[in-house]
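The values are calculated or read from the model by the stated rules, or taken from the named source; none is laboratory data. For clarity, every value in this text was computed on a predicted model and none was experimentally measured. Cβ: placed from backbone, ideal geometry, glycine included. Neighbour counts: every protein chain shown. The area values use the complete protein model at the heavy-atom level, side chains included, leaving out ligands, DNA and RNA. Shrake-Rupley method; radii C 1.70, N 1.55, O 1.52, S 1.80 Å.
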Amino acid sequence: MNPLRVGTRGSPLALWQTEWVRGRLAATGLDTVTIRIETSGDQRYDIPLSRFGVQAVFSKELDDALLDHRIDLAVHSLKDLPTTLPAGIGLAAVSIREDPRDVLIGRDRLHLADLPPGATLATSSLRRRAQLLRARSDLRIVDLRGNIGTRIAQLDRTPEWAGIVLASAGLVRLGLEARMGERFGPGVLLPAPGQGALAVTVRENDLATARQVQPAVDHLPTRLVVAAERAFLGELEGGCQVPVAALAEVLGGREPSMNLRGRILSLDGRRQV
């Protein structure tokens, strides 16, 4: 039997995530091979995500490769997937979730309250920008894109920046906890829907591959909460162009239930629901 071809972006984090999925598949006896695919979001780091005008900047080329039968499955950061998948693409599995919080990165263990008035922070996310300004209207927020290593290196060579804000999950996966300062609680920075979870997509009609992937990778509690978060985002028709945040959790007890906390803000952070 030919190995399953696993499509992925080429960043260090994307490759780590793909190797994690491949390890789970290997544990069930499946042979796989990695296929690197460059996405439009990887080609133009000089353009803020909010200005691309489309949601699938990190997934379209992987979707195309699936539909063209160049790969058999694709591994994504779930928060990068549009809430409505393209025709012919199915979500086969959602991984167990890493810490979904955002984290402040400085040259030492930085905390938001320690920043001087007018300090500069860099981020690629309108969601982070709006919530940071909500918490500290005096801050100056500038754009920053690139993979995790590129962003940290840019911080280190830009002395006028006090810090940058990244997802905790990626830093943990790459072993960069030593650079992490304050991990923001949901009262300050509510995360992006799906943040911290991985997604595996397949062709919708490829039931054989889906049946192989699902038991190896899927984590039902995570799938449930991120489905709620993505439904919230989809109802608001939000994406990279709108500051929308959401975090759901399953509550225990005799009759388990789910709590979903959502937030939408104006770009300057002054208005919030």
| Using θ = phi - 60° and the Karplus curve 6.51 cos²θ - 1.76 cosθ + 1.60, what whole-Hz ³J(HN,Hα) does each residue of the range 169-174 get, with Gly and Pro shown as x? | 4, x, 5, 4, 5, 8
| message | From the P(r) of the chain, could you give the percentage of C-alpha pairs in the tail past 30 Å? | response | 29
| note | accessible surface per residue for the range 116-273, probe 1.4 Å, DNA/RNA/ligands not counted, whole Å² -> 46
| note | The relative contact order of the range 210-273, taking Cα pairs under 8 Å that sit 6 or more residues apart, comes to a percentage of 25
| said: Loop-only trypsin sites (Lys or Arg not before Pro) in the range 144-186, please: DSSP not H, G, I, E or B, and at most 15 other Cβ atoms within 10 Å. | reply: ARG157
| request: Would you list the P(r) distribution for the range 163-273, with all Cα-Cα distances sorted into 5 Å bins from 0 and each bin expressed as a whole %? | output: 2, 9, 16, 17, 19, 16, 12, 5, 2, 0
| request: Quote the accessible area belonging to LEU207 in square angstrom, nearest 10, computed with a 1.4 Å probe and with ligands, DNA and RNA left uncounted. | output: 100
| query | In whole Å, what is the distance between the alpha-carbon centres of the range 209-273 and the range 91-133? | reply | 18
| query | MET258's amide H: which non-local residues (gap 5+, or another chain) put their own amide H closer than 5 Å, with H modeled 1.01 Å from N in plane and none for Pro or chain starts? | reply | LEU251
| query | How high is the relative contact order of the chain, in percent, with contacts defined as C-alpha pairs under 8 Å that are six or more residues apart? | reply | 25
| Mean Kyte hydropathy of 0.0 or more with a Cα span along the axis of at least 18 Å, helices from DSSP in the chain | 220-235
| message | Loop only by DSSP, 14 or fewer other Cβ within 10 Å of the Cβ. Give me the trypsin sites (Lys or Arg not before Pro) in the range 237-273 that pass, ordered by residue number. | response | ARG254, ARG270, ARG271
| request: Please label the shape of the range 134-199 as rounded, prolate or oblate, based on the square roots a ≥ b ≥ c of the eigenvalues of the alpha-carbon gyration tensor (a/c under 1.5 means rounded; beyond that, a/b larger than b/c means prolate, else oblate). | output: oblate
| remark: Judged on accessible area alone, 1.4 Å probe, highest first, MET1, MET258, MET180 line up as MET1, MET258, MET180
| field | Computed label-point distance, nm, for sites ALA227 and ARG109 using a 7 Å Cα→Cβ extension | value | 4.0
| query | Which residues make up the longest stretch of the chain clear of GluC sites (Glu not before Pro) that lie in a DSSP loop with no more than 15 other Cβ atoms within 10 Å, not counting the sites? | reply | 39-159
| message | If each DSSP helix of 4+ residues adds -39,500 (n - 2.57) and the sum is divided by the residues in the chain, what number results at 222 nm, nearest 500 deg cm²/dmol? | response | -8500 deg cm²/dmol
| request: Among DSSP beta bridges whose residues both lie in the chain, state the antiparallel percentage, nearest 5. | output: 65
| query | Magnitude of the Cβ-charge dipole of the chain, K/R +1 and D/E -1, about the Cα centre, nearest 20 debye? | reply | 520
